[in-house]
Amino acid sequence: MSVQVWTYVLVGITFALYIGIAIWSRAGSTKDFYVAGGGVSPLANGMATAADWMSAASFISMAGIIAFAGYDGSVYLMGWTGGYVLLALLLAPYLRKFGKFTVPDFIGDRYYSKTARIVAVICALIVSFTYVAGQMRGVGVVFSRFLEVDINTGVVIGMVIVLFYAVLGGMKGITYTQVAQYCVLIFAFMVPAIFISIQMTGNPIPQLGMGSKLNDGSGLYLLEKLNGLSTELGFAEYTEGKKSVMDVFMITLALMVGTAGLPHVIVRFFTVKRVKDARKSAGLALLLIAILYTTAPAVSVFAKTNLINTVNEEEYTNMPVWFKNWERTGLLTFNDKNQDGKIQYVADKKANELVIDNDIMVLANPEIANLPAWVIALVAAGGLAAALSTAAGLLLVISSSVSHDLIKKVFVPNISDKSELWAARGAATVAVVIAGYFGINPPGFVAAVVALAFGLAAASFFPAIVLGIFYKKMNKEGAIAGMVVGISLMLFYMLKFKFGIFDGGKAAVPSLEKDWWFGISPEGFGSVAMMVNFIVSIVINKFTPEPPQDVQEIVEDIRIPSGAGEASGH
Amino acid sequence: MSKKQQKASAYWKENVKYLFILLSIWFLVSYGAGILFKDVLDNIQIGGFKLGFWFAQQGSIYIFVILIFVYVRLMNKLDKKYGYDT
């Protein structure tokens with residue numbers, strides 16, 4: 001069977017599976033819709049969290065980014081896993097004990113203030129929308145390359161599928177489809193990695209293959225070989241970075257803290273039964289994520305080495321089929337500058353003839369390594385699973401922010417459970433349509449903003465939640481001021497140094513690099529904004545009245561794990 | 001302070017002590033070994049890996065997973081000790 005037939009078969013089977021699960025797990029109440037009824041097992045929640053967390057960016061882009069960034073790519077590996085330690089130790093158990101539906105619920109109740117709740121809703125919406133647009137785009141890319149439909153048609157198909165199970169099943173439908181999606185995506189990521197690891201090093205475990213000797217008889221270690229190839233072509237050594245230590249430190253911190261502050265991840269811990277289940281499922285989630293995250297850097301090394309060997313100084317006319325296929329998508333371009341008919345892939349921008357988009361490294365990897373057709377098709381199904389599962393999780397945060405935090409808690413407090421459920425479904429539908437619109441007409445800044453969503457989450461939610469748990473006397477004035485100052489500072493830095501809007505637009509961005517505060521890039525600035533948030537909160541807190549006694553009692557109560565009732569919205 | 005409150009604050013103190021120890025390790029393996037002392041550790045080579053690079057792209061992640069499971073164990077024991085495990 002050809003790659004295309006295999007792709008149709010595998011994508012068809014997985015989609016049918018997701019729809020089947022959605023019908024089986026329809027939501028009957030708002031509690032089903034928001035927190036899957038509150039009775040999800042730790043393992044199922046761990047798998048769902050892992051799928052929720054690993055987006056199109058983790059599956060499709062990350063290994064590619066690392067392949068081109070080398071050591072500097074470590075910020076994503078440490079940043080997107082280390083955040084779970086913070087989540088498990090500092091947030092998940094206490095938020096589960098608190099037992100409400102959403103993150104703004106916690107902020108609103110803990111800081112006894114509608115203003116705090118609304119600030120939290122706005123932060124949640126900004127973070128989630130920027131993120132979801134990127135997922136829809138990922139769906140479009142996979143469809144257009146593997147099923148040869150137009151990118152926009154791909155986005156629409158993705159929208160319909162997500163709409164179906166998110167609107168019908170809410171958190172319950174999403175949780176169980178995510179369990180299935182985790183299985184699909186991890187299988188799809190591991191199979192090609194194992195194949196290629198055996199091919200190149202003879203070691204079936206990619207994590208070890210990465211540090212093994214090549215089996216081409218040269219006796220060289222794979223990483224030595226890649227370092228050699230890189231310097232030969234004028235690039236930095238693969239195991240060395242170009243970023244400053246300060247910047248690597250700050251970006252890693254921003255990603256870690258941002259991870260712990262992302263509403264669609266936090267909300268997953270409301271779905272388990274007990275506090276100890278919340279802890280355990282955070283551990284399981286990270287274990288399941290780590291399988292992909294420790295394989296990805298190995299894939300990067302394999303793919304980069306393979307790529308250089310396949311293309312550099314080779315005749316353009318001898319290029320394999322995958323090369324032409326990807327050229328058609330525009331994600332790979334060749335321009336024979338010196339007219340010698342050969343491909344020169346070098347660091348010097350003037351002489352370099354090959355431009356490769358980060359995103360194709362994972363998707364093209366099995367083709368570059370000549371793996372069988374079904375493996376290539378599997379990668380397409382895996383990419384779709386990763387993008388759809390994350391999109392669904394984000395849509396749920398958006399819809400519950402609107403139906404629960406705004407409609408029920410602010411505007412129509414006496415709304416019936418049934419009407420609220422319909423409001424949630426309506427909000428999810430609107431959110432899917434908006435996300436789809438951005439997927440089809442991506443504003444030029446989407447890719448840039450997705451990375452910054454972490455900075456925004458770090459600068460706003462993380463300090464407010466941590467202080468809310470660990471500092472009993474933290475009051476609403478401090479928390480609100482901290483969130484507002486934190487997210488504003490982050491937005492300002494982003495607009496100034498990423499979009500250059502105060503200095504004449506995007507063209508000015510590279511020249512502004514020397515003005516970065518303390519040499520910190522916009523991606524790493526979330527760490528600074530987070531620290532400022534902490535300081536502002538604590539200082540304002542000193543000069544304003546203590547929180548009321550009953551709130552202090554709530555804090556004492558969430559610190560004790562026993563007696564966690566079921567999550568409730570009332 | 002009532003007896004109940006005393007018990008609660010003793011529990012909380014032990015919890016915070018665990019957090020402090022575990023988060024110190026969390027910091028050391030990632031920010032320490034993977035970033036700040038990366039260049040020093042890179043002088044040590046294990047198999048094909050330079051050690052600092054290995055911590056940044058592999059080792060820190062393994063240790064993160066272990067840390068959470070150690071935390072789960074410690075807390076389950078602590079809950080039992082204070083009778084909060086129901």
Quiz prompt | Binned Cα-Cα distance frequencies in the range A:88-204 - 5 Å width, integer % | solution = 2, 9, 9, 13, 17, 15, 11, 10, 7, 4, 2, 1, 0
Quiz item: So what J values fall out for the range B:70-77 if you push phi through Karplus, 6.51 cos²θ - 1.76 cosθ + 1.60 with θ = phi - 60°, rounded to Hz, Gly and Pro as x?
Solution: 4, 4, 4, 4, 4, 6, 4, 5
Quiz item: Hull surface divided by four, with the convex hull built on the Cα atoms of the range B:37-82: how many nm²?
Solution: 4.0 nm²
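One-quarter of the Cα convex hull surface for the range B:1-59, in nm²? Each step should come with its number before you reach the end.
Details: hull surface 20.2 nm².
Its Cα hull, projected and averaged over all orientations, spans 5.1 nm².
Taking the Cβ-Cβ separation of A:Trp517 and B:Lys77 as r and a Förster radius of 45 Å, what is the calculated FRET efficiency to the nearest 0.05?
Details: r = 45 Å, r/R0 = 1.00.
It comes to 0.50.
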Quiz item: What value does the range A:248-359 have for Rg/Rh, both radii from Cα atoms and Rh as Kirkwood defines it?
Solution: 1.20
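Which order results if A:Arg137, A:Arg274 are arranged by neighbouring Cβ count within 10 Å, fewest first? Don't jump to the answer; show the numbers that get you there.
Details: A:Arg137 24, A:Arg274 18.
Lowest to highest Cβ neighbour count: A:Arg274, A:Arg137.
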Quiz prompt | Radius of gyration and Dmax over the Cα atoms of the range A:1-57, both given in Å | solution = 15.2, 46
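Would you kindly calculate the translational diffusion coefficient of the range A:387-523, applying Stokes-Einstein with the Kirkwood radius from alpha carbon pairs, for 37 °C and a viscosity of 0.692 mPa s, and quote it in µm² s⁻¹ without decimals? Spell out each step's value before the answer.
Details: Rh = 17.8 Å.
Answer from the Stokes-Einstein relation: 184 µm²/s.
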Practice problem: Kindly provide log₁₀ I(q)/I(0) values, in the same order as q = 0.15, 0.18 Å⁻¹, from the Debye equation applied to equal alpha-carbon scatterers of the range A:365-435. | Solution: -0.59, -0.71
Quiz item: Between B:Gln6 and A:Ala236, what FRET efficiency follows from the Cβ-Cβ distance if R0 is 56 Å, with the result rounded to 0.05?
Solution: 0.45
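Taking the Cα centre of the protein assembly as shown as origin, work out the dipole magnitude from +1 charges on Lys and Arg Cβ and -1 charges on Asp and Glu Cβ, in debye rounded to 20.
Working: 52 positive and 44 negative charges, 527 e Å.
In total the dipole reaches around 2540 debye.
Over all distinct Cα pairs, what is the inverse of the mean 1/r for the protein assembly as shown, reported as the Kirkwood hydrodynamic radius in Å? Don't skip to the answer; put the middle values down first.
On the way: mean 1/r = 0.0395 Å⁻¹.
Result for the protein assembly as shown stands at 25.3 Å.
Quote to one decimal, in nm, the extra length available between A:Val355 and A:Arg328 on full extension: 0.36 nm per residue of separation minus the C-alpha distance between them.
Numbers: separation 27, 0.36 × 27 = 9.72 nm, distance 1.33 nm.
Value of the extension gain: 8.4 nm.
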Exercise. Towards the positive end of the charge dipole of chain A, with charges on Cβ (+1 Lys, Arg; -1 Asp, Glu), say which of A:Gly217, A:Leu371, A:Ser419 has the farthest Cα.
Key: A:Ser419
Quiz item: Once Rh is set to the Kirkwood radius over Cα pairs, what Stokes-Einstein translational diffusion coefficient, in µm²/s, holds for the range A:304-382 at a temperature of 25 °C and a viscosity of 0.890 mPa s?
Solution: 186 µm²/s
Self-check item: Radius 12 Å from Cβ of A:Ala124, net charge of other residues (Lys, Arg +1; Asp, Glu -1)
Solution: -1
Quiz prompt | Point-to-point label distance, A:Phe411-A:Ile19, nm (Cα→Cβ direction, 7 Å offset) | solution = 3.3 nm
Quiz item: Per-residue HN-Hα couplings for the range A:93-105, Karplus 6.51 cos²θ - 1.76 cosθ + 1.60 at θ = phi - 60°, whole Hz, x for Gly and Pro?
Solution: x, 6, 5, 5, 4, 4, x, 10, 8, 9, 5, x, 4
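Bear in mind these aren't lab numbers, they're just calculated from the coordinates by the rules spelled out. This one's a predicted model, so the numbers in the text were calculated from it and none came from an experiment. Neighbour counts are summed over all protein chains in view; Cβ atoms, including those assigned to glycine, are modelled from backbone coordinates with ideal geometry.
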